[in-house]
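Below is one structure, written out as structure tokens; the observations come after it.
The values are calculated or read from the model by the stated rules, or taken from the named source; none is laboratory data. Because the structure is a prediction, the values reported are computed rather than measured. Here the Cβ positions follow ideal geometry from the backbone for every residue, glycine too, while neighbour counts run over all protein chains shown. Side chains included, ligands, DNA and RNA excluded: accessible areas come from the protein's heavy atoms. Shrake-Rupley method; radii C 1.70, N 1.55, O 1.52, S 1.80 Å.
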Amino acid sequence: MAIVSSGSASAGAAAPREPRRRLVDPAPQDVDEQGRSADRGAAEGPLQREDSLRPRRLADYIGQSELKQVLGIAVEATRAREEALDHVLLYGPPGLGKTTMALVLAEELGVRCRITSAPALERPRDIVGLLVNLEPRELLFIDEIHRLNRVAEEILYPAMEDFRLDLTVGKGTTARTRSLPIAPFTLVGATTRAGSLSSPLRDRFGLIQRLEFYGLDDLQAIVQRAAGLLQIELDAAAALEVARRCRGTPRIANRLLRRVRDVAAVGGHGRVGADLVHEALSLHRVDGRGLDASDRRLLHLLQHGYGGGPVGLDTLAAGLGEDPATLEAVVEPFLLQQGLLQRTPRGRVITEAGLAHLQAHPEPSAA
Ligand code: ADP
């Protein structure tokens, strides 16, 4: 397993302050031409670049009030008991702040967070190696946890439940199981597909939380915060314009903001207004509702290729040259949330609002 150490940060009340080392596994991802991957979404480059914009404390984490309330209470109670936080499962579309929340939890608890993803835990020794090296109360973040293989899952069960590894030593008739205690730790699992998790694994999480798409006010605040960190002078109206076009997703908001910054820099603009945002994002074919070319291609194919549906996911994916899992986990949730698309037992159907959007943008590639 290719593990590199990177990042900075955490300690806290219980533990002496020391630089937080993070073990980050840059597992290979299937990234499409939009820079979106099946599970991590719009991964726009090295994790370090994302890190520079991540809020570090719960108080700086914008929006998701229910999530913050639930986890805030759990953190406080755990700190008082001086125990490891119960295992946490975070689910929801990519780019909404699951990794960020894991890092925030570690910061609040004053412990390290080790980051990996399920595809990097192929061999039993990968996960065993991580588990035996955990210090008491540390967080282990496993992204795309629905992709864990069965052997890795079975190693995790006693680890999560009793902080114990059951290892098989020897082969055939001489094989024996030996138990090895490990430090009490917190597993933070993240997934875009909660339904794909096996129920024994899901049942071992004490806290299961869904992340929602962000509302406009929260997104505007996220854009303004990021603009401050990136040293962009941005009008409130410009921030709102980015917020409208980012599919309810902070990661996309940050990416669009960087594109706006490029156009502003090349055009020699100092302060960025709504007009410049419009110009910059039209260049990137992001329309006024935040749909990009692949979203419009999907609606276009559904309407003009299949009479508006119903049509099955696999057929739609084949017509678009997309992987069905990517379509379902990355492209569809926002279209569903916006009421442009419906999932029915017989397949996907375009809605009235979807049709209206298509009529306003007749060419699948038009901004
Ligand atoms: P996920 O793990 O769900 O795919 P991330 O946690 O990597 O998403 O978030 C992507 C980026 O969005 C982060 O780098 C961070 O800058 C930003 N972000 C996410 N959630 C928030 C939030 N609640 N407030 C401010 N910025 C956020």
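First compute the accessible area of the stretch 182-287 with a 1.4 Å probe, then give the percent of it belonging to carbon and sulfur atoms.
47
Relative contact order of the stretch 237-297, please, whole-number percent, based on alpha carbon pairs below 8 angstrom and at least 6 residues apart.
Reported as a whole number, the value is 43 percent.
Which whole-number percent is the relative contact order of the chain (Cα, under 8 Å, 6+ apart)?
15
Please list, in chain and number order, the residues 5+ apart from VAL272 or on another chain whose amide H is under 5 Å from its amide H, with Hs placed from the backbone.
The list, which skips near neighbours in sequence, is GLU233, LEU234, ASP235.
Would you calculate a helix-derived [θ] at 222 nm for the chain, using -39,500 (n - 2.57) for each DSSP H run of n ≥ 4 and dividing by the full residue count, to the nearest 500?
Calculated from helices alone, the mean residue ellipticity at 222 nm is -11500 deg cm²/dmol.
In degrees between 0 and 90, to the nearest 10, how far off the longest principal axis of the chain does helix 98-109 point, with axes built from Cα atoms?
50
Non-local amide H neighbours of GLY189 (under 5 Å, H modeled in plane, Pro and chain starts lacking H): which ones?
Those lying under 5 Å, H to H, from GLY189 are VAL88, LEU89, LEU90, ILE142.
To the nearest 20 debye, what is the magnitude of the charge dipole of the chain about its Cα centre, counting +1 on the Cβ of each Lys and Arg and -1 on the Cβ of each Asp and Glu?
600
Which one of LEU211, VAL349, SER282 is farthest out on the positive end of the charge dipole of the chain, using unit charges on Cβ (Lys, Arg +1; Asp, Glu -1) and the Cα centre as origin?
LEU211
At a Förster radius of 30 Å, what calculated FRET efficiency corresponds to the Cβ-Cβ distance of ALA353 and ARG285, to the nearest 0.05?
0.90
What FRET efficiency would be calculated for the residue pair GLU135, ASP323, taking the C-beta separation as r and a Förster radius of 41 Å, to the nearest 0.05?
Between GLU135 and ASP323 the formula returns 0.60.
Per Stokes-Einstein, at 20 °C and 1.002 mPa s, what whole-number D in µm² s⁻¹ belongs to the chain, with the Kirkwood radius over Cα pairs as the hydrodynamic radius?
97
Per-residue counts of other Cβ atoms within 10 Å, averaged by peptide: what ranking do you get for 284-295, 135-146, 163-174, 332-343, highest first?
Packing order, densest peptide first, comes out as 135-146, 284-295, 332-343, 163-174.
Relative contact order, percent, of the stretch 217-367 when contacts are C-alpha pairs under 8 Å separated by at least 6 residues?
RCO, the stretch 217-367: 21 percent.
Which residues' amide hydrogens lie under 5 Å from the amide hydrogen of ARG164, considering only partners 5 or more residues apart or on another chain, with H built in the peptide plane?
Placed amide hydrogens put ALA159, ILE182 under 5 Å from ARG164.
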